[in-house]
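The values are calculated or read from the model by the stated rules, or taken from the named source; none is laboratory data. Just so we're clear, the structure is a prediction, and the values are computed from it rather than from any experiment. Neighbour counts run over all protein chains shown; Cβ positions are idealised from the backbone, glycine included. These area figures cover heavy atoms from the full protein model, side chains too; ligands, DNA and RNA do not enter into them. Shrake-Rupley method; radii C 1.70, N 1.55, O 1.52, S 1.80 Å.
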Amino acid sequence: MDADQSTGRIVHIPNQQVFTKALANYDKGFKYVWNEVPVVLTYESNWKKAKEILTAIAFKHAEHLTAEAERDLLAASQQFLINYKKLTPIVYTNTTPSGIQLTIRYTHRAAAARDGVGDLG
């Protein structure tokens, strides 16, 4: 995952373990996390068409969670400092030395991520 993008995970570091280990809590607060799937295309590829296709896939498989996630986000923001503006699926575009990278980003339930069910398609 891109270090500049939030994940939805709440990280708790107990005082006694501040320098030894971190605990990512998937059940407290906001029960959705962001998943990212990077796809690298050659520079010669029609990346705009690929982006359209990946966007359609993301919306087909993940958009139904957006309304649920928005409701949960409103509740979680009352207790935690959480402020997300956009929960709908998106495809980011970036260049890499080997080609154009398209990254599908979508929310899904954290429990699904642990169970291996959070993947698109």
Are there any pairs with C-beta distances below 9 angstrom linking a residue in the stretch 17-41 that is within 27 Å of residue 54 (Cα to Cα) and among the polar types (S, T, N, Q) to a residue that is open to solvent by less than 80 Å² (accessible area, probe 1.4 Å) and at pLDDT 85 or above, with the two at least 6 apart or on different chains, and if so which?
35/104; 35/105; 35/106
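Do the conditions hold for residue 7, that is, is it of a type outside the set (Asp, Glu) and at pLDDT 80 or above?
Working: of a type outside the set (Asp, Glu): yes; at pLDDT 80 or above: no.
Criteria not met by residue 7.
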Do you know which residues across the stretch 23-47 are more than 15 Å from the chain's Cα centre (by Cα), of a type outside the set (A, V, I, L, M) and modelled with pLDDT of 80 or more?
42, 43, 44, 45, 46, 47
Being within 21 Å of residue 95 (Cα to Cα) and in a loop (DSSP other than H, G, I, E, B) is the filter here; which residues of the stretch 30-77 pass it?
42, 43, 44, 45, 46
Out of 50, 62, I need the residue that is open to solvent by less than 60 Å² (accessible area, probe 1.4 Å) and modelled with pLDDT under 95. Which one?
62
Confirm whether residue 106 is modelled with pLDDT under 75, touching a helix residue (DSSP H, G or I) at 6+ places or on another chain (Cβ under 7 Å) and farther than 15 Å from residue 47 by Cα.
no
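Of all the residues that make up the stretch 87-106, how many are surrounded by 10 or more Cβ atoms within 10 Å (Cβ to Cβ) and assigned to a loop (DSSP other than H, G, I, E, B)?
We begin by selecting, within the stretch 87-106, every residue surrounded by 10 or more Cβ atoms within 10 Å (Cβ to Cβ); these are 87-96, 98-106.
Filter once more, keeping what is assigned to a loop (DSSP other than H, G, I, E, B): 87-89, 98.
Count: 4.
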